[in-house]
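Below is one structure, written out as structure tokens, with a few remarks after it.
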Amino acid sequence: MFTVEVSKELGAAARALARYVDDLETELAAADATARHHHRPFGEHERTFLRRTAARGEAPKVVAARENPGVRVVPAFVDDEEARNLVAELRGVVAQYGASHVENSRGFFEHQMSHLSARVRADCRVNMLRATGRPELETQPVCPWRYGDDFDAAALPPGLRRFADKIAASPDFSLGPLRDVTINARKSTFFRLDPHVDPLDDGENVFILGLLSDTVLTFSRVGPPLSTVADQRYVSVDSWAPGEDIDVLALAGSLVHMSGDARSTWNHGIRLGVSADQLRDLGVSVPPPPPPPPLSDSSSSSSDALLFDWFGAPLHPLPRQPERISVVYAFAAARHPSRF
Ligand SMILES: O=C(O)CCC(=O)C(=O)O
């Protein structure tokens with residue numbers, strides 16, 4: 001009898017201990033995640049460059065720090081001269097390693113553009129080239145810097161390396177090792193990027209450096225396949241989830257950082273874009289095409305031959321330069337506690 005009681009008590013004590021260890025592990029994991037996500041606090045730049053998209057008939061809203069899922073903006077991260085040199089280098093990389101990622105979706109994307117005029121459809125052709133060290137398509141050459149645990153920063157060309165080092169040295173971010181560098185090149189104001197979450201293996205900190213054209217990156221809870229099959233005529237003027245999506249004004253030369261929920265649960269993308277006709281239908285005055293930047297090898301002659309972004313609401317249209325190149329840098333989580 002006595003032995004039965006003792007073994008019951010021991011069993012209960014062992015269960016209690018296991019529960020305690022479980023709780024402790026959960027708390028430690030949460031504390032670790034918090035420490036690893038610590039970058040500079042949200043501030044003026046996020047108030048300026050982030051907007052909650054407008055629900056129909058309402059105005060876009062500033063995104064309060066407590067509502068920010070983890071997006072930070074560094075304006076003017078590269079100056080004009082640096083951008084010029086980097087773009088020259090990137091054109092070479094894309095010529096050597098770039099592969100089209102829209103061949104299978106071309107017909108479907110074109111069908112989703114049937115609301116646009118013949119002029120826009122003729123000028124804003126579906127296109128997109130991508131160069132990366134990550135093995136992706138079978139037909140796509142792998143860049144020499146490779147990917148993930150095999151990433152070799154020494155194999156990056158000097159410009160890409162320089163800005164990787166500049167990000168890593170920034171006091172604003174707590175970062176682990178670099179794991180991925182990917183270049184995307186788009187022309188003819190066709191900047192469509194369907195909302196997606198980057199592979200989690202890339203690393204916890206994703207940076208997008210935009211060059212040649214301003215654009216608007218949108219963070220949405222709507223992801224694939226819905227975001228892709230959605231009626232793009234509707235999305236182009238309302239966004240995927242009006243009143244919930246968060247727009248980030250990504251000016252050429254600026255850096256956008258995503259971590260935490262913005263990185264792992266929210267999708268990021270770029271809307272197809274809105275045409276001058278659509279803006280007129282909404283009663284919005286159509287801005288002139290932007291003057292070509294010195295780096296560009298193409299320019300738009302008329303607003304009717306391009307697609308526009310908008311920031312928060314179509315009332316604030318933003319003409320695109322014909323061409324945009326982006327560099328995505330992904331870093332692991334910091335190994336050491338944050339500076340903040
Ligand atoms: O081109 C961009 O701005 C973003 C690219 C992107 O999200 C990606 O390559 O996964």
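None of the figures in this text is laboratory data; all of them are computed from the coordinates on show. As the structure is a prediction and not an experimental result, all values here were calculated from the model. Methodologically, a virtual Cβ is constructed for each residue, glycine included, from the backbone with ideal geometry; neighbour enumeration extends over all protein chains shown.
Among the residues of the range 158-169, those identified as without any contact (Cβ under 8 Å) to a residue 40 or more places away in the chain and surrounded by fewer than 15 Cβ atoms within 10 Å (Cβ to Cβ) are ASP165, ALA169.
Just to verify a result, which residue in the range 196-213, among those that are in a strand (DSSP E or B) and more than 9 Å from the ligand (Cβ to nearest atom), is farthest from GLY148 (Cα to Cα)? Looking at the filtered set, the residue picked out is LEU211.
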